[in-house]
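The next block holds one structure in the form of structure tokens; read it before the comments.
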Amino acid sequence: MASTTKQQRRQELFSPEIVKQGVEGSGPYAGSLSFSVKVRQGMPDFLSSVNLKYVKLGYTYCITHGLYFLTVPVLIFISAVVLGNLTGKEYWSRDNIVTNTASTISLLAVILYAYVRLIPCSTYLVDHACYLPPNELKISKEEFIKLARRSGNFDDDGIQFQDRVLKHSGIGDESYLPRSVFEPGKTLTLNDGREEAAEVIFGVIENLIFNTGMRVKDIKILILNCGSLNTTPSLSAMVINHYKLSHDIVSFNLGGMGCAAGVIAVDLAKDLLNAHPGSYALVVSTEIVSSAWYNGKDMEMLLPNCFFRMGAAALLLTNHHFGNWRAKYQLKQLVRTHKGTDDKSFKCIHTKDDGEKKQGLLVNDKHLLEVGGEALKANITTLGPLVLPFSEQLRFFMTLLNKNTKLYIPNFKLAFEHVCVLATSKKVLHEVQKNLELTEEYMEASKKTLERFGNTSSSSIWYELAYLEAKSRIKRGDRICQIAFGSGFKCNSIVWKALKTNATAAGNRRRKNPWIVEDE
């Protein structure tokens with residue numbers, strides 16, 4: 001009987017009817033990017049299984065980081081023993097006072113030096129900014145189809161397909177696209193990509209300068225990530241040239257790493273800051289739509305056209321010992337999960353040439369939900385021991401030891417006050433919400449960002465944080481978890497702790513926030 005039930009469940013997940021159906025023409029998830037053309041399996045049920053190797057990995061991280069802090073009580077104990085051997089009379093005696101004072105100062109200096117060198121400084125997010133394109137680049141779903149038809153680049157089936165996808169995508173009528181992608185008979189060039197890159201990258205850096213008052217000459221580390229456009233010189237070199245940054249700046253240009261690259265860039269910045277303590281790092285995350293645009297007939301390769309939109313985010317990070325006085329957030333945890341060793345995951349999303357030698361991004365929806373779900377489950381399982389309250393972990397282990405009891409899945413809502421899930425598509429957001437049992441309040445920032453700005457790739461999670469700030473949702477001490485997916489296949493998560501109440505209310509004009517438009 002149990003075997004029959006299991007077989008029925010498997011048949012439901014691998015329905016041949018769904019495979020033949022393609023993109024649904026009706027219903028709440030019709031035309032969604034993540035459901036797409038050849039869906040065979042849904043996102044795995046997190047409640048059905050837990051891979052213990054990822055739980056073990058999480059506790060390994062916890063123990064490794066905990067070793068640093070074990071040095072503090074040891075140093076305090078040593079200093080107490082040394083100083084305790086000196087009685088007040090001995091210490092203040094005329095013969096010994098100079099020697100003992102010098103010895104004490106030297107000992108404290110050694111302890112302070114050891115503390116500074118052995119224990120890594122926290123990484124702080126001073127502030128961030130997001131790019132708001134000009135109004136003339138706004139595009140509604142109706143105008144999208146009108147311009148696509150007028151361009152002559154798509155046949156009738158392609159137009160109908162994109163129209164169906166857009167209607168049920170979850171994207172509203174105010175997202176942004178470069179008009180060059182719709183020019184009739186135009187072949188998009190490298191120059192088109194560079195112009196768009198200059199517009200969004202310089203625009204968002206200017207917003208960050210306005211928000212933070214930073215001096216570009218103080219930037220020691222520069223990291224820029226863009227998946228589709230990789231030029232020579234690099235985009236990071238373009239920033240260095242434009243702002244005339246220092247000749248000894250440490251710069252990196254990350255390409256081809258997908259929507260999860262923003263978290264990877266923060267991780268790299270954290271490591272570089274540890275190598276250059278007390279410095280400032282500038283991180284810029286973007287995706288260039290014109291370089292990823294597809295003018296062909298392959299339905300799977302047309303899907304990114306319907307979802308990707310213009311956008312960029314810039315972050316100012318530091319690990320200065322007094323950085324918490326100025327910063328808005330402190331980096332608490334960062335977990336990266338890469339499933340690239342699995343062929344199915346590796347081939348799930350990739351660029352390719354179609355039959356007419358036109359390049360585009362192929363989304364293999366036959367495995368996308370399954371691959372994404374497994375990556376998310378592995379990442380969250382690793383993150384759990386680092387963030388969950390002890391009571392939740394205890395309940396989990398009690399059911400784990402008792403094989404006759406249903407495994408208890410911890411309540412991740414107790415670990416975070418806010419969650420920002422990459423705004424990929426309505427279907428993906430729904431599946432994440434269902435499997436993590438998140439309320440509408442937790443998903444509001446992600447859904448609103450998808451509706452207002454579309455999928456801005458690696459910068460999406462920062463538009464979501466900006467939304468929470470604009471709505472005055474973040475209070476001091478709140479924990480924010482950002483979750484991003486990307487080709488490879490990757491799932492990365494990052495947890496921040498708010499150091500102050502970030503009330504970017506409508507009446508506060510001192511910061512640039514894409515959700516707050518000032519009256520002209």
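Read the figures in this text as sums done on the coordinates, not as results from a lab. Model, not experiment: these values are computed from the prediction. Cβ: placed from backbone, ideal geometry, glycine included. Neighbour counts: every protein chain shown.
Protection proxy ranking for 162-174, 483-495, 141-153, 373-385, using the average of other Cβ atoms within 10 Å per residue and placing the highest first: 483-495, 373-385, 162-174, 141-153. Derived scalar couplings between HN and Hα for the range 478-487 equal 5, 10, 10, 10, 10, 10, 10, 10, x, 4 Hz in order, rounded to whole Hz, by the Karplus curve 6.51 cos²θ - 1.76 cosθ + 1.60 (θ = phi - 60°), x for Gly and Pro. Ordering 326-339, 418-431 by mean Cβ neighbour count within 10 Å, with the highest value first, yields 418-431, 326-339. Distances between placed amide hydrogens fall under 5 Å for THR351 paired with LEU362, all partners being 5 or more residues away or on another chain.
Between THR456 and ARG309, the built amide H atoms are under 5 Å apart, and every one of these is 5 or more places off in sequence or on another chain. Of the trypsin sites (Lys or Arg not before Pro) found in the range 199-229, those in coil by DSSP whose Cβ has at most 15 other Cβ atoms within 10 Å are ARG215. Within 10 Å, Cβ to Cβ, of SER169, how many net charges do the neighbouring residues add up to if Lys/Arg are +1 and Asp/Glu are -1? With Lys, Arg at +1 and Asp, Glu at -1, the net is +4.
Working from the Cα coordinates of the range 125-507, the gyration tensor eigenvalues give, after taking √(5λ), semi-axes of 32, 28, 19 Å in decreasing order. Ranked by the mean number of other Cβ atoms within 10 Å of their residues, highest first, the peptides 298-309, 456-467, 185-196 come out as 456-467, 298-309, 185-196.
For the range 414-427, putting each phi into the Karplus relation 6.51 cos²θ - 1.76 cosθ + 1.60 with θ = phi - 60° gives couplings of 7, 8, 9, 8, 9, 10, 10, 9, 3, 7, 7, 7, 5, 5 Hz, in residue order, rounded to whole numbers and with x for Gly and Pro.
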